[in-house]
1. Please compute the length gained on full extension between N98 and Q187, using 0.36 nm multiplied by the number of residues separating them and subtracting their Cα-Cα distance.
2. Calculate, in nm to one decimal, what A86 and L177 gain on full extension: separation in residues at 0.36 nm each, minus their alpha carbon distance.
3. Around G139, with a cut-off of 12 angstrom between Cβ atoms, what is the net charge of the other residues, counting Lys and Arg +1 and Asp and Glu -1?
4. Magnitude of the Cβ-charge dipole of the range 88-186, K/R +1 and D/E -1, about the Cα centre, nearest 20 debye?
5. If amide H atoms are built 1.01 Å from N in the plane of the peptide, which residues on other chains or at least 5 residues away come under 5 Å of the amide H of G124?
6. Around A158, under 11 Å between beta carbons, what's the net of Lys plus Arg minus Asp minus Glu among the other residues?
Amino acid sequence: MTTPDANTPIQPNRRDVLGYATTGAAAIGIACCAAPFVNSLKPRDSATAHLPVDVDITHLAPGQSMVASWQGMPVLITHRTPQMLAQLKQSQNLRDPNSDILQQPPYARNWHRSLTPQYGVLIGICTHLGCVPRAAESGYACPCHGSKFDAAGRVRTAMPAPYNLPVPPHSMPRPTLIRLGENPPGQHFDFSSIVQI
Ligand code: FES
């Protein structure tokens, strides 16, 4: 299978078979600082494809981002600084500022769209045609047709992307570990219920 270029729009019906893992990681160049890589960026066989993925964030310093992989999709994880959080609280010109559209678990339907404000966890697939957004000033920008998202993955108004970036199910069994694909205890969320990936 050929690996798609991260800057090439991907048709929606191809999204579930993307070879995002390594390509997305190589192309995103997300970090304001060098991004520590996660060793989960490996193809997995069908028997393990739906298992949760643990991401060790011990060395993810404030202001850094990294790319993990979950179910073949790139996941952007950012350790937010107090300044980033302050900026996030003042985000404006957002299409869905209150996350009314089901693009995140209920426990991420908040101003930071994540389990805890300090860590952003977003699926790195643009909701327009599926390119991989890159880190940009005040959030993320899609290299294909210019959609811009704030640091919580909320799309700005008048952009081609119709929806906020999806938030995957995630939990934090301990402060230095993010578990992708598993909800926090007592929470129920089926990722297949989101409006669009
Ligand atoms: S794929 Fe078109 S703006 Fe992202």
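Please treat every number below as a calculation from the coordinates, not as lab data. What you see is a predicted model; the values in this text were computed from it and never measured. A quick note on method: Cβ atoms are made from the backbone with ideal geometry, for glycine too, and the neighbour counts reach across all protein chains shown.
1. Value of the extension gain: 30.0 nm.
2. Here the segment from A86 to L177 would lengthen by 30.4 nm.
3. For residues surrounding G139, the net value is +4.
4. Taking the Cα centre of the range 88-186 as origin, the dipole is about 100 debye.
5. Under 5 Å from the amide H of G124: V75, L76.
6. +3
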